[in-house]
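All remarks here apply to the structure that follows.
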Amino acid sequence: MRASPVVWLLAAYLLGGIPWAYVAGRLVRNIDLRRHGSGNLGATNVYRVLGAPAAAAVVLLDAAKGFVPAMYFARWTTSASPYWALAYGLAAIAGHVRTPYLLWKSGGKGVATGCGVFLALAPVPTLVAIAAWASVLRVWRYVSVASLSAAVVLVIALGFWDGVRTPVFALGVVVALFVAWTHRANLGRLRRGEEHRVGRRPAEGS
């Protein structure tokens, strides 16, 4: 089952690119989720348009897209370098954000897939970040604020748990910056007081 790292890198990208939110929209209501709610193919929009059960399934599947490459693909490569696990995780996140199955249009913001990657690479700091996400969401009810807060907490936890000179810490910084970039529109809406809270359904197309 061993193969070249390039083969597994491509496999990670293709696995990460599976647009589970799009699939959920087709299966649950036979709709293109890109034309409903915020238009984003992420779990938050699935929750708004399709409901909590569909959103929970999408979160788990999106997380699995990151977990499997980071945890297993490095074991099946012909290279012994530990850096390949990080590369496979990044490839899965890239596939999620720009899915090849929908002509490289935006798939999602990479939070759930990134969570899966770090659950494989650094489970304790990731659980700390998940707890921070849940706490912030419960208090302020902004998914974007919870996601950005979790990204920051993950970096801090990685620094304490693994050390700031480790490759996984560097990956954490890169992913946190990437998450901030994918949430730039949310940050703009937050500044304008237009960001939607969990529990309130936005108008179609917002």
ALA151 neighbourhood, Cβ < 15 Å, K/R = +1, D/E = -1, net charge +2
Which residue fluctuates the most in the chain, going by a Gaussian network model with Cα springs under 10 Å, if the choices are ILE31, ILE156, ILE130?
-> ILE31
Vicinal HN-Hα couplings computed from phi for segment 117-128 (Karplus, 6.51 cos²θ - 1.76 cosθ + 1.60; Hz; Gly/Pro x) = 4, 6, 4, 6, 8, 8, x, 5, x, 5, 5, 4
Summing Lys, Arg as +1 and Asp, Glu as -1, what charge do residues with Cβ under 12 Å from the Cβ of SER106 carry, SER106 excluded?
-> +4
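Let a ≥ b ≥ c be the square roots of the eigenvalues of the Cα gyration tensor of the chain; is it rounded (a/c under 1.5), or, if not, prolate (a/b larger than b/c) or oblate?
On the way: a/c = 2.15, a/b = 1.32, b/c = 1.64.
Because a/c hits 1.5 or more and a/b fails to exceed b/c, the chain counts as oblate.
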Note down the net charge around LEU90, summing +1 for each Lys or Arg and -1 for each Asp or Glu among other residues with Cβ under 13 Å from its Cβ.
-> +2
With axes computed from alpha carbons, what is the tilt in degrees of helix 52-72 against the longest principal axis of the chain, rounded to the nearest 10 within 0 to 90?
-> 10 degrees
Segment 18-80 to segment 156-188: how many Å between their Cα centroids?
-> 21 Å
Roughly what angle does helix 20-29 make with the longest principal axis of the chain, taking Cα atoms, 0 to 90 degrees, to the nearest 10?
-> 40 degrees
Acute angle (nearest 10 degrees) that the helix 83-97 long axis makes with the longest principal axis of the chain, alpha-carbon atoms | 20 degrees
Given the options ARG98, ARG191, ARG141, which has the most mean-square fluctuation in a GNM of the chain, springs set between C-alpha atoms less than 10 angstrom apart?
-> ARG191
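A short reminder: the numbers here are calculations on the coordinates, not readings from a lab. Just so we're clear, the structure is a prediction, and the values are computed from it rather than from any experiment. Here the Cβ is made from the backbone with ideal geometry for all residues, glycine too, and neighbour counts use every protein chain on show.
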